[in-house]
Amino acid sequence: LDLHPLHKAIFSPPTPDAWDVAFLSSDWFAQAHAEGTVADLSPWLAANPPAGYPDGWTRSLLDLHNFDGFVLGLPYHDGPECLIYRTDLFADPTNQARFAEQHGRPLALPRTWEEFHQVARFFQRPEEGLYGTVFAAYPDGHNTVYDFCLQLWTRGGELFDSNGAIQVNTPEAAAALSFYRNVLNDRGAVHPDCRDMDSVKSGLAFATGQVAMMINWFGFAGMAETVDESTVKGKVDVAAIPSSPGASPVSLNAYWILCINRQSRHQDVAYQFLRHCASPAMDKLLTLTGGIGCRKSTWEDPEVNAEIPFYHKMADLHEYARALPRRRDWSEIAAEIDRLVLAVINTDEPIEKLLEEAQGRLG
């Protein structure tokens, strides 16, 4: 299921017991807890936990779905956002010489957003089927929101003020959206199908050799090393996301859990399934077949790192990854941010006006 149908199936099922186990996005944790949608796993975890629980996971994959001891589920699919790039393109002597001649500096991984845009334009070669970068700009209420938060945070901005009130009408937000409008509408820098691509489609575009670099979930770097369709195996690596000068590195941590319907008539069997999926062997298998395991043992596993040489970098990304706010009304807030970002990239309306209007709708 796509995100909107999945949300409906979980929170508005045709009958209360229509599902037993679900894949729950971290965007929906607060809503699931507030509405009593899922069962509390803490009794099962106390009596019969998965191997190595909880020390086998980082705190960043345990705390967000734990509400004062009420545990919504078990982590199943992870992947902080990062810069994913083609090592062969950056290491190519011809590319290095051409870039240095054109820009007067060595070809290197972009550290700022201005450098990111410049490097994307350098690699834009549609006649070769290669595009500088890709953004997942499909309007699903998620990807554009993630992009906005990253653009905001990497400029030192914040989505909420010290009192917890949402604030989108800020100089940092204006700078973030100005860059996003410029780069996404630059046909000399981006894949032409960005507006029709979610994160999966953009990840596949990278895996099939169409994209030089992108900001996307770590999982799509791993996918480029594992799926049969990939034409870039052995030519992929990950790095920190660009930021404004003086700003600290930031990643976005969003993840999925397997949870049990509070109305399920098969909760004990469902928990055994969750426990099985959370085992070291299954977490590793998930990773080797294109998903993203959540256990530290998987990140450090020699076989996994032989197949996906950068997998051990997952722990480093989690060190500076941030999560979206854990709010029951986050889906409504995200819908307004999505509306704002789409207006920015699809119209010529002044960004300051769009921000003022969005702030008015958000309160």
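The values are calculated or read from the model by the stated rules, or taken from the named source; none is laboratory data. Not measured: the values here are computed from a predicted model. Don't worry about glycine lacking a Cβ; one is built from the backbone with ideal geometry, like all the others, and counts go over all protein chains shown.
Residue-wise test of (1) over 24 Å from Asp329 (Cα atoms); (2) crowded, with 20+ Cβ neighbours inside 10 Å; (3) not assigned by TED's automatic domain parsing to the domain that holds Thr298.
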residue: Ile10; (1), (2), (3): no, yes, no
residue: Pro16; (1), (2), (3): no, no, no
residue: Asp20; (1), (2), (3): yes, no, no
residue: Trp28; (1), (2), (3): no, yes, no
residue: Asn48; (1), (2), (3): yes, no, no
residue: Leu62; (1), (2), (3): no, no, no
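For the stretch 47-56, does any single residue satisfy the condition of being free of Cβ contacts under 8 Å to residues at least 24 places away in the same chain and hydrophobic (A, V, I, L, M, F, W, C)?
yes
Looking only at the stretch 267-297, count every residue that is among the β-branched types (Val, Ile, Thr) and either under 16 Å from Trp57 (Cα atoms) or touching a Leu at 6+ places or on another chain (Cβ under 7 Å) (or both) and tell me the total. Break it down stepwise before answering.
So the first thing to find is which residues in the stretch 267-297 are among the β-branched types (Val, Ile, Thr), and the list is 269, 287, 289, 292.
Subset that is either under 16 Å from Trp57 (Cα atoms) or touching a Leu at 6+ places or on another chain (Cβ under 7 Å) (or both): 287, 292.
Here the count works out to 2.
Give the residue, chosen from Ala254, Ala270, that is aliphatic (A, V, I, L, M) and not in a helix (DSSP H, G or I).
Exactly one of Ala254, Ala270 is aliphatic (A, V, I, L, M) and not in a helix (DSSP H, G or I), namely Ala254.
Just the residues that are out of contact with any Gly (no Cβ under 9 Å at 6 or more places or on another chain) and not in a helix (DSSP H, G or I), please, taken from the stretch 280-291.
Hit for the stretch 280-291 is Thr289, nothing else.
So, in the stretch 293-335, of the ones that are modelled with pLDDT of 95 or more and acidic (Asp, Glu), which residue ends up nearest to Ala165 (Cα to Cα)?
Glu300
Out of Leu258, Leu342, Leu285, I need the residue that is surrounded by 14 or more Cβ atoms within 10 Å (Cβ to Cβ), out of contact with any Asp or Glu (no Cβ under 7 Å at 6 or more places or on another chain) and free of Cβ contacts under 8 Å to residues at least 12 places away in the same chain. Which one? Walk me through how you get there before you give the answer.
Details: Leu258 fails: free of Cβ contacts under 8 Å to residues at least 12 places away in the same chain; Leu342 fails: free of Cβ contacts under 8 Å to residues at least 12 places away in the same chain.
Matching residue, one of Leu258, Leu342, Leu285: Leu285.
Out of everything in the stretch 77-122 that is in contact with a Gly (Cβ under 6 Å, 6 or more places away or on another chain) and not hydrophobic (A, V, I, L, M, F, W, C), what residue ends up being farthest from Pro309 (Cα to Cα)? So that I can check it myself, show each step before the final result.
Within the stretch 77-122, the subset in contact with a Gly (Cβ under 6 Å, 6 or more places away or on another chain) is 77, 79, 120-121.
Filter again for not hydrophobic (A, V, I, L, M, F, W, C), leaving 77, 79, 121.
Numbers: His77: 19, Gly79: 16, Arg121: 28 Å.
Among them, the one singled out is Arg121.
If we scan the stretch 111-123, do we find a residue that is among the polar types (S, T, N, Q), farther than 28 Å from Pro325 by Cβ and touching a strand residue (DSSP E or B) at 6+ places or on another chain (Cβ under 6 Å)?
Step one: filter the stretch 111-123 for residues among the polar types (S, T, N, Q), giving 112, 118.
Subsequent filtering for residues that are farther than 28 Å from Pro325 by Cβ retains 118.
Next cut, touching a strand residue (DSSP E or B) at 6+ places or on another chain (Cβ under 6 Å) only: none.
No; the residues of the stretch 111-123 include none that is among the polar types (S, T, N, Q), farther than 28 Å from Pro325 by Cβ and touching a strand residue (DSSP E or B) at 6+ places or on another chain (Cβ under 6 Å).
Any idea which of (1) without any contact (Cβ under 8 Å) to a residue 40 or more places away in the chain; (2) under 23 Å from Leu72 (Cβ atoms) is the one Ala270 doesn't satisfy?
Every listed condition holds for Ala270 apart from (1).
Inspect the stretch 301-318 for any residue being closer than 30 Å to Arg181 by Cβ, in contact (Cβ under 8 Å) with a residue 24 or more places away in the chain and either surrounded by fewer than 14 Cβ atoms within 10 Å (Cβ to Cβ) or assigned by TED's automatic domain parsing to the domain that holds Trp57 (or both) and give the result as yes or no. Write out each step before concluding.
Filtering the stretch 301-318 for residues closer than 30 Å to Arg181 by Cβ gives 317.
Keeping just the survivors that are in contact (Cβ under 8 Å) with a residue 24 or more places away in the chain gives 317.
Then drop every residue that is not either surrounded by fewer than 14 Cβ atoms within 10 Å (Cβ to Cβ) or assigned by TED's automatic domain parsing to the domain that holds Trp57 (or both), which leaves 317.
Checked against the condition, which is being closer than 30 Å to Arg181 by Cβ, in contact (Cβ under 8 Å) with a residue 24 or more places away in the chain and either surrounded by fewer than 14 Cβ atoms within 10 Å (Cβ to Cβ) or assigned by TED's automatic domain parsing to the domain that holds Trp57 (or both), the stretch 301-318 yields at least one hit.
Can you pull out every residue in the stretch 146-194 that is surrounded by 14 or more Cβ atoms within 10 Å (Cβ to Cβ), closer than 19 Å to Ala321 by Cβ and of a type outside the set (D, E, K, R)?
Residues satisfying the conditions are Tyr146, Phe148, Cys149, Leu150, Gln151, Leu152, Trp153, Thr154, Gly156, Gly157, Leu159, Ala176.
Just for helices (runs of 4 or more DSSP H) wholly inside the stretch 153-247: which have at least 2 residues that are in the same structural domain as His142 (by TED's automatic domain parsing), among the polar types (S, T, N, Q) and modelled with pLDDT of 95 or more?
On the way: elements: 171-184, 199-207, 218-226.
Here the list reads 171-184.
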